[in-house]
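What follows is one structure encoded as structure tokens, with my remarks underneath.
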Amino acid sequence: YELYEKDHEIAKGLGLNAYRLGIEWSRIFPCPTTHIQVDYFKDGYGLIKEVKITKDTIDALDEIANHKEVEYYRKVILSLREKGFKVILNLHHFTNPIWIHDPITVRESGLKKGPMGWASEGTIIEFVKFAAYIAHKFGDLVDMWSTFNEPMIVVDRGYLAHNSGFPPGIFNPELAKKVATNLIVAHSRAYDVIKKFDKVKAYKDSKESASVGIINNIIPFYPRNPNDSKDVKATERYDAFYNRMFLEAINNGKLDTQMDGESYVEVKHLKKNDWLGVNYYTRDLVKYKEPKEDSPVIFEKVEGYGRLSKPNSISKDGLPTSDFGWEVYPSGLYDAIFINMEYNKPIYITENGIADAKDVLRPYYIVSHIAEVERAIENGAKVYGYLHWALMDNYEWASGFRMRFGLYEVDLKSKERRPRKRSVQVFKEITQNNGVTEKLRKEFLEN
């Protein structure tokens, strides 16, 4: 929190020119904003099609905002700008203020008590207020915005998985549909207000004052048995839900109301998006499973592949696995890019990395995956940037600090940053040459 200048210098030393930053909602508004009334309007499907945020709304929000934190974030962004970074500002990365979502109370009460988070339509309104306020306060410093990071993980791990480590950790397909729809609507309405309240070009080379996108975790799914029609159907269903539900809505105005990849309705006011962020780590193999009653969930991941491999081992396909037990599968990034190519928007790789405390696999991971980005570009993909996850070891949600993703190791007691030398050397060589060199290809890809 207090060492950001040091981190920015490290990033600059690596040859980076872009930096993604998230603003924590509860730091800006630790107390509820629900009492600040705004008008909103719905369409024939009962979806919010407009939220009216005015200057009076912004003034009222400003009275209760934590100005110390607003100034802190401005200092962080100014530090990045002074060092030549293009800043991508993200508004939501899983966490909510406790007054928006109390997941323990929600879970323990059987969904009967507690602020319900994204299961509540009211959260859309409050998020739009937050987005408008941040656009007003930071529009002079930022031109590239992301509303959400990995919203479908909120749905998949929060509402379609018991005890997943992601709140509230329940299996409720009907509620999952509602949460997914609310997140989609929140993105589109946040898009509207960011465009309204950020009218300043912060960078001379920006095409517009506010380019608003989404960052999705994309997982290429492959059928366990390509000759089994049920496995193929299950794979298509998982892909339609996890990878495409958000993309179809915000890019094509097609809302999948039943989470089945078939039950689409046209909702034009959801078609609000300028660019696509792709987070890719590994693939998954999928098999068919019998659904519970009329649940759309007919898919199940296969153990021994993708995210269900054994840590620090070899997958059933003979591929190395990370500390997390995630299979190293570089060509999946190529496939993830081409899933997004269907929507004809600029693409940025916004996360790609590996949990590897001993730095054994990371150098190969970096080279092999950036080589796949280059292959995609050669075949027509419009990819404009690559952001590695992560610069420093990070807090990995339910896994705490055990999973070490950083190019730089962080001593949790002293806060000292130490380079993972081989990965840093490899990454520097790539940034200095704007791509994978022949030397790196021979060392990592041709042996």
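The values are calculated or read from the model by the stated rules, or taken from the named source; none is laboratory data. Predicted model, so just to flag it, every value in this text is computed and none were measured. Positions of Cβ are backbone-derived with ideal geometry, glycine not excepted, and every protein chain shown enters the neighbour counts.
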Counted residues in the stretch 168-203 being of a type in the set (A, V, I, L, M, F, W, C), more than 30 Å from K86 (Cα to Cα) and either under 19 Å from the mean Cα position of the chain (by Cα) or in a loop (DSSP other than H, G, I, E, B) (or both) come to 4
Subset of the stretch 64-119 [modelled with pLDDT of 95 or more, small (G, A, S) and surrounded by 14 or more Cβ atoms within 10 Å (Cβ to Cβ)]: A65, S79, G117, A119
Can you work out which of the residues in the stretch 152-190 that are basic (K, R) and surrounded by fewer than 24 Cβ atoms within 10 Å (Cβ to Cβ) is farthest from K52 (Cα to Cα)? R157
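Within the stretch 408-418, which residues are out of contact with any helix residue (DSSP H, G or I) (no Cβ under 8 Å at 6 or more places or on another chain) and either small (G, A, S) or not in a loop (DSSP other than H, G, I, E, B) (or both)?
Pass one, the stretch 408-418, residues out of contact with any helix residue (DSSP H, G or I) (no Cβ under 8 Å at 6 or more places or on another chain): 409-416, 418.
Listed by number, the residues that qualify are E409, V410, S414, R418.
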When the residues of the stretch 278-291 are narrowed to those that are surrounded by fewer than 20 Cβ atoms within 10 Å (Cβ to Cβ) and either under 25 Å from E351 (Cβ atoms) or touching a residue at least 40 places away in the same chain (Cβ under 8 Å) (or both), which ends up nearest to the chain's Cα centre (by Cα)? K287
Find all pairs meeting these conditions: Cβ atoms under 8 angstrom apart; at least six residues apart or on different chains; first residue within the stretch 1-30 and closer than 15 Å to F85 by Cα; second residue in a loop (DSSP other than H, G, I, E, B) and of a type in the set (D, E). none
Mind listing whichever residues of the stretch 297-342 are in a loop (DSSP other than H, G, I, E, B), within 20 Å of the chain's Cα centre (by Cα) and either modelled with pLDDT under 95 or of a type in the set (S, T, Y) (or both)? Y329
Counting only residues in the stretch 244-271 that are free of Cβ contacts under 8 Å to residues at least 24 places away in the same chain and not in a strand (DSSP E or B), the one nearest to P220 (Cα to Cα) is identified as E248
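Yes/no per residue for (1) aliphatic (A, V, I, L, M); (2) in contact with a Leu (Cβ under 7 Å, 6 or more places away or on another chain):
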| residue | (1), (2) |
| --- | --- |
| T282 | no, no |
| P296 | no, no |
| G306 | no, yes |
| I314 | yes, no |
| G318 | no, no |
| E327 | no, yes |
| N344 | no, no |
| N352 | no, yes |
